[in-house]
1. Step through the residues of region 53-58 one at a time and calculate ³J(HN,Hα) from phi using the Karplus curve (6.51 cos²θ - 1.76 cosθ + 1.60, θ = phi - 60°), rounding each to whole Hz and writing x for Gly and Pro.
2. Name the residue farthest towards the positive end of the dipole of the chain from the options Leu170, Asn21, Ala38, assuming +1 on Cβ of Lys and Arg, -1 on Cβ of Asp and Glu, about the Cα centre.
3. Under DSSP H, which helices of the chain have Cα atoms covering 27 Å or more of the helix axis and a Kyte-Doolittle average no less than 1.6?
4. With only Lys, Arg, Asp and Glu charged, each at its Cβ (+1 for the first two, -1 for the last two), find how big the charge dipole of the chain is about the Cα centre; round to the nearest 20 debye.
5. For the chain, with the dipole built from +1 on Lys and Arg beta-carbon atoms and -1 on Asp and Glu ones, taken about the Cα centre, which of Gly131, Phe161, Gly121 lies farthest toward the positive end?
6. So who's got an amide H within less than 5 Å of the one on Gln181, skipping anything under 5 residues away but keeping other chains? H placed 1.01 Å off N, in plane.
7. So what is the calculated 222 nm ellipticity per residue for the chain, using -39500 (n - 2.57) for each DSSP H run with n of 4 or more, over all residues, to the nearest 500 deg cm²/dmol?
8. Rg/Rh for region 2-119 to two decimals, with Rh computed the Kirkwood way over all alpha-carbon pairs.
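The numbers here are math on the coordinates, done by the rules we state, and not lab data. Computed from a predicted model, the values in this text were never measured in an experiment. Cβ atoms come from the backbone with ideal geometry, glycine included; neighbour counts cover every protein chain shown.
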Amino acid sequence: MRLLLVEDDPGLGPRLQSALNRAGYATDLSIEGNDAEAMGDIEPYDLIVLDLGLPGRSGLEVLTHWRQRDNRTPVIILTARDGWQDKVEGFKAGADDYLAKPFQTEELLVRINAVLRRCAGLNPGDLSYAGLMLDESDQSVRLESGTKLSLTGTEFRLLRFFMLNPGKLLSKTTLTEHVYQLDSDKDSNVIEVYINRLRQKLGQDLIETRRGQGYIFGQRD
Ligand code: CA
């Protein structure tokens, strides 16, 4: 999963970005409204955390612009303003959830998790598919046999993206865009290496290769 975090507070922004990285989300940080708007237009984010009070362009204007362009990426609004009018304005502009500052990072993480599940049409709680259960608290996976395996950061991000998109044909480019953030060294051929590692850990038939097209997760019948 790849997130856009829009937060101009020089302390909170980088701190949240690190916390989101640790929680297994590739996260780009934007500190200005116009930049944020352009990034949201161009990059295929899975979710956006958006502060309302921003230099350049307000979060509300940015969100309104995205929705007018039919950008349906889920958005969680983050702001110091906790008046009910601001919440109503935020939801009217197309926000999916709202969190007032100050907040605990833990609460933001569970809200992100809940919104991502809801948007993927999955039940909240543990992410499970095809006999696998992903444990997001320690970034491990439990097999049908009960064996628990730990995953590296990239393996975890890749498997979570697959588990939230079962049965879909996903190209190498798509996988790269959703697993890595902008400032990382992305090479779509590396995805192949990680897919092979997941196959070695979880079983060869879990991820099907469609030559020249991409991969499909969870086609075991
Ligand atoms: Ca702000």
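1. x, 10, x, x, 8, 6
2. Farthest along the dipole direction, towards plus: Leu170.
3. none
4. 780
5. Toward the positive end, the furthest listed residue is Gly131.
6. Answer set, sorted by chain and number: Thr27.
7. Rounded to the nearest 500, it is -12500 deg cm²/dmol.
8. 0.91
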